[in-house]
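The values are calculated or read from the model by the stated rules, or taken from the named source; none is laboratory data. Bear in mind the structure is a predicted one, so any value in this text is a computation, not a measurement. Note: ideal-geometry Cβ built from the backbone for every residue, glycine included; neighbour counts use all protein chains shown. Just so you know, the surface numbers come from the protein's heavy atoms only, side chains and all, with ligands and any DNA or RNA stripped out. Shrake-Rupley method; radii C 1.70, N 1.55, O 1.52, S 1.80 Å.
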2 protein chains.
Amino acid sequence: MTDQHIASAFDRDLEAIQARIMKMGGLVEAAIRNAALSLETRDEELAEQVRAGDKAIDGLEELINEETARLIALRAPTAVDLRLVLSVLKISNNLERIGDYAKNIAKRTGVLSQMSAVSDSAAALRRMAREVELMLKNVLDAYIQRDAELANDVILQDREVDQMYNALFREFLTFMMEDPRNITPCMHLHFIAKNIERMGDHATSIGEQVVYLVTGDYPEEARPKADTTSETAIPGK
Amino acid sequence: MTDQHIASAFDRDLEAIQARIMKMGGLVEAAIRNAALSLETRDEELAEQVRAGDKAIDGLEELINEETARLIALRAPTAVDLRLVLSVLKISNNLERIGDYAKNIAKRTGVLSQMSAVSDSAAALRRMAREVELMLKNVLDAYIQRDAELANDVILQDREVDQMYNALFREFLTFMMEDPRNITPCMHLHFIAKNIERMGDHATSIGEQVVYLVTGDYPEEARPKADTTSETAIPGK
């Protein structure tokens, strides 16, 4: 990115909006972390906090939408500047969705707390969530620093999250076959795993935006599609 | 909406983009229909068509993104006009995601075709998909006609889709408990049900955009959140 031009009114406005994106990112990272933690420790109070906290995330997205519209109307940006502004909308939308998934996980904490634990799946889910939290942290750094390389790293990191998801999917199938009492909890746990996997997709999507911003092109088929469970027929097909 | 002002260059450009939205909507409606049909009739060729067709939907979204950016840069719209343009981006993004879900359903057709059918769930899923297809058709009509009332109807219709999903979720749990051989197919069927439910959410999201465009406000908590399965502990908790 060229930083040659003197800070204009447009730059200042954009920076203010980007600061909100970072704030939103911080809230979303915490939501991921706390949702997974509340699940593992069966902490319903923390889960409730995550659920309640989603309103602040949604509020920030709305604010960013409004401020972005105002910026476009006021400064009439074109070319690269316009691309930057439009990317803000996409990124905040991705963040909002990740927040939604965290809220959804927290919602399931209550019902899962009433059931017996299924092996150590909650710990496995927390590790998966930790991975996504890292992806999100890195991709927001990549965004602020306009670092396409770091963004590409995040896109590749998504493959690992997908692999973790695939492994869990098979594990849940096995637990369900072993004992019918595992079926209901495993349906919820599986949902949670899928939600975390989708969070990874949204972090990847932000990464693609960053690559596009910096290079002018979307990463060519860079996005690894490693969730193969839609074709999983084993075990016991 | 005021239609008092004489058709400007802006209006013509916007109309062209809206025509693309409608084209995209038509493709997405067909994708929903064919994905559900291929599942019920175990028609792998049709499923493959849906999977391949998603590229055209993605391509249209990209085109709409570009044309919208060009429109903003060229015409520097403000106020209501800008709101209209930005809503186009959101709506095409919602359509793209619905298309993705349809593709994901089609992907599962192959693996499900190899398993024995679980009762008449494929027919139930097709009915659910039919409902969402209708929602989408109506919400796009509401968008073109700037009809907030019709958009609100769609938002309410989502409650029915959620109810259908809740019923299926419980049904799948029961099938899985009855016979472990149902577990793997039911995991896939459940995913499909959830994907259709999410399609409904995206149609609802378009409905909210329409209400916002027409009235200037988002529907106040209008969106019924009737997927209660995150709290479902029965049967056999």
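Which condition number in (1) among the hydrophobic types (A, V, I, L, M, F, W, C); (2) under 18 Å from A:TYR165 (Cβ atoms); (3) within 11 Å of chain B (Cβ to nearest Cβ) is the one that A:VAL80 fails?
Of the numbered conditions (1) among the hydrophobic types (A, V, I, L, M, F, W, C); (2) under 18 Å from A:TYR165 (Cβ atoms); (3) within 11 Å of chain B (Cβ to nearest Cβ), the odd one out for A:VAL80 is (2).
I'm trying to understand the selection: among the residues of the range B:47-83, which are touching a residue at least 60 places away in the same chain (Cβ under 8 Å) and either part of a helix (DSSP H, G or I) or of a type in the set (Val, Ile, Thr) (or both)? I'd like the intermediate steps shown before the answer.
Taking the range B:47-83 and keeping what is touching a residue at least 60 places away in the same chain (Cβ under 8 Å), we get B:47, B:71, B:74-75, B:77, B:81, B:83.
Correct list: B:ALA47, B:LEU71, B:LEU74, B:ARG75, B:ASP81, B:ARG83.
Can you tell me which residue among A:MET164, A:MET177 is farther than 18 Å from A:MET135 by Cβ, part of a helix (DSSP H, G or I) and aliphatic (A, V, I, L, M)? Step through it out loud before you land on a result.
Details: A:MET164 fails: farther than 18 Å from A:MET135 by Cβ.
Criteria check complete, one pass: A:MET177.
Restricting attention to the range A:4-36, report how many residues are under 16 Å from the mean Cα position of the chain (by Cα), open to solvent by 60 Å² or more (accessible area, probe 1.4 Å) and touching a residue at least 40 places away in the same chain (Cβ under 8 Å).
Of the residues in the range A:4-36, the ones under 16 Å from the mean Cα position of the chain (by Cα) are A:21-36.
Next, from what is left, pick out any that are open to solvent by 60 Å² or more (accessible area, probe 1.4 Å): A:22-23, A:27, A:33.
Imposing the further condition that a residue be touching a residue at least 40 places away in the same chain (Cβ under 8 Å) reduces the set to A:22, A:27, A:33.
Final tally of qualifying residues: 3.
Which of (1) within 14 Å of chain B (Cβ to nearest Cβ); (2) at negative phi; (3) among the hydrophobic types (A, V, I, L, M, F, W, C) does A:LEU46 not meet, given it meets every other one?
(1)
Yes/no per residue for (1) polar (S, T, N, Q); (2) more than 14 Å from chain A (Cβ to nearest Cβ); (3) in contact (Cβ under 8 Å) with a residue 12 or more places away in the chain; (4) open to solvent by 30 Å² or more (accessible area, probe 1.4 Å):
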| site | (1), (2), (3), (4) |
| --- | --- |
| B:GLN145 | yes, yes, no, yes |
| B:GLN157 | yes, yes, yes, yes |
| B:LEU173 | no, no, yes, no |
| B:LEU189 | no, no, yes, no |
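So which pairs qualify, if the first residue must be in the range A:93-110 and away from every other protein chain (no Cβ under 11 Å), the second must be of a type in the set (D, E, K, R) and open to solvent by less than 10 Å² (accessible area, probe 1.4 Å), the Cβ gap must be under 6 Å, and the two must be at least 6 apart or on different chains?
A:GLY99/A:ASP54
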